[in-house]
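The next block holds one structure in the form of structure tokens; read it before the comments.
Throughout, read-outs are computed from the coordinates displayed, never taken from laboratory work. Note that this is a predicted model, so its numbers are computed, not measured. Here Cβ is always computed from backbone atoms with ideal geometry, including for glycine, and neighbour counts include all displayed protein chains.
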Amino acid sequence: MRYAMAIDTKKCVGCSDCVVACQTENNVPMGFARDWIVESVAGTYPRVEMEIRSERCNHCEDAPCVRCCPTGASHIIEGGVVLVKHDACIGCMACIEACPYDARYPHPDGYVDKCTFCIHRVDKGEDPACVAVCPTHCLHFGDLDDPNSDVSKVVAERKWKVLAPEAGTKPQLYFLM
Amino acid sequence: MNEELIVSGRNIPGVDPHLHLWHWQIPLYLFLGGLAAGLIFFASLYVIMGKEDKAPTAIKWASFITPLALVVGLGALFFDLHHKLYFWRLYTTVRLESPMSWGAWTLLLVTPLSIVWSASYLRELVPSWDWKFKWLYDFEAWVIKNRKPFAWLMIFLSVILGIYTGILLSAFNARPLWNTSILGPLFLTSGLSTGAATIMWLSKDHEEKKLFGRIDLLLIAIEIFFIIHMFMGFLSSSQVQQEAASLFLGGEFTVPFWTFVLILGLLVPGFLEVLEWKGYKIPAAVPAFLVLFGGLMFRLIMVEAGQITRYLY
């Protein structure tokens, strides 16, 4: 099993509904975020292109945050989801320094927190909160090892990219272009 | 011009617009850990070589600074933790992939051992000292009898301790400035240099002062060589590492790095040590202080600048 997410940058309008849904579902404290919106404008005028991305932890296959964690609080569970055991985290911040995507944040309670792919919902057969609320259906979640899953289909059909592949972490967020 | 403009509403304290989670505590610890490694290294080295009379300060007096430096450094590390009450979790597991884990275990070993080392010389320096209990006298006698094997163990631990301060940073591939394997040897050399400078400063023995002045000079030369190599490596590497190097080559850390680290921390003390070698009278405190100051500045700047370097945005 290999959980992954595909984000359709052609459909995303940057409404931040995913951000709000995540904060509500996961009790993310004010001022912090497990997912966020990035608007990027690139090119040379007048040939410029805008891309809107809903970003979060990439649940990397070769996760540097897990590698550097001195207590084993950061770990990978079945399905490749990267999680943090709050009561094993000492708050040394090494994992935040290690993440090329700056996807983790220091929770005000001391431990480090991040996107869990809403594994508590996924285990019950539901979609992650961000996917469930997206009004343009630009987020696709599922098992890449299952060729019939939503995410497998879009990744097979569409052109995609991953962010900063040169960081060598084998990220599992696929941005459809 | 082809450029990418990024806008995001995210503004997490300490993370945006760029990382600023490690402040003075981590560099202070990296400095004190390196200093302790240097002090232990030279004390052990001269015991192993059987030349205790050549380096009395290194082996005896200076060894009292080691546990002090380690305890203050550990205090800084603890102070930096955001989830302090869970610090004991470090010692419920051994994670070889994580430099921080084996560093924590090394510290757990080396701190008490450095206290034992200096305590075993206490009665030599303070003859009236009384250990009160017989078992403490027995333990002292046992340590004195086994000085050589003890020194072998300590020299091994000191190299791990010194090199770990650099590897801790170099293991983060997300921060291109740190992600160079030369950082381990560079921090080790710098740590040894601060150790040698401290011994030179403390020593009352003219010959020992001279000896450690020479050792420090050699270490300063090696350090400059490593720094040049580090920049050569960055400039011939990927774009993110070229950008990391540019922070020091015209970017915002240019003035502090070249002034405090290279000129005041390496070139000036090196030059003063050469003058001293040529027969000029230079008070050892001046180059020693500059080496220590440069060592601390180097770590402060590397930790601060490293957190700015990144892959995305």
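See the values below:
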| item | result |
| --- | --- |
| Condition met for B:Lys84 (without any contact (Cβ under 8 Å) to a residue 40 or more places away in the chain, closer than 30 Å to A:Ser74 by Cβ and among the charged types (D, E, K, R)) | yes |
| Subset of region B:295-313 (residues that are in contact with a helix residue (DSSP H, G or I) (Cβ under 9 Å, 6 or more places away or on another chain), touching a residue at least 12 places away in the same chain (Cβ under 8 Å) and facing chain A (nearest Cβ under 10 Å)) | B:Val303, B:Gly306, B:Gln307, B:Arg310, B:Tyr311 |
| Test: residue in region A:119-138 that is within 14 Å of chain B (Cβ to nearest Cβ), under 15 Å from A:Arg56 (Cα atoms) and touching a residue at least 12 places away in the same chain (Cβ under 8 Å) | no |
| Criterion (within 19 Å of B:His83 (Cα to Cα) and in contact with a strand residue (DSSP E or B) (Cβ under 8 Å, 6 or more places away or on another chain)) met by exactly one of A:Leu83, A:Leu139, A:Leu163 | A:Leu83 |
| All strands (runs of 3 or more DSSP E) inside region A:34-147 with 3 or more residues being under 12 Å from the mean Cα position of the chain (by Cα) | A:35-44, A:47-56, A:139-143 |
| Residues of region B:45-93 that turn out to be of a type in the set (Gly, Ala, Ser), away from every other protein chain (no Cβ under 14 Å) and either surrounded by fewer than 21 Cβ atoms within 10 Å (Cβ to Cβ) or more than 13 Å from B:Ile199 (Cα to Cα) (or both), as a count | 4 |
| Any hit, region B:103-123, residues being within 14 Å of another protein chain (Cβ to nearest Cβ), in contact with a helix residue (DSSP H, G or I) (Cβ under 6 Å, 6 or more places away or on another chain), buried (at least 17 other Cβ atoms within 10 Å of the Cβ) and without any contact (Cβ under 8 Å) to a residue 24 or more places away in the chain | yes |
| Subset of region A:62-82 [over 15 Å from A:Glu97 (Cα atoms), touching a residue at least 40 places away in the same chain (Cβ under 8 Å) and crowded, with 23+ Cβ neighbours inside 10 Å] | none |
| Residue match in region B:25-32 (condition: touching a residue at least 24 places away in the same chain (Cβ under 8 Å), outside any helix (DSSP H, G or I) and farther than 23 Å from B:Glu208 by Cβ) | no |
| Region B:287-313, subset of a type in the set (A, V, I, L, M) and part of a loop (DSSP other than H, G, I, E, B), residue nearest to B:Gly166 (Cα to Cα) | B:Ile308 |
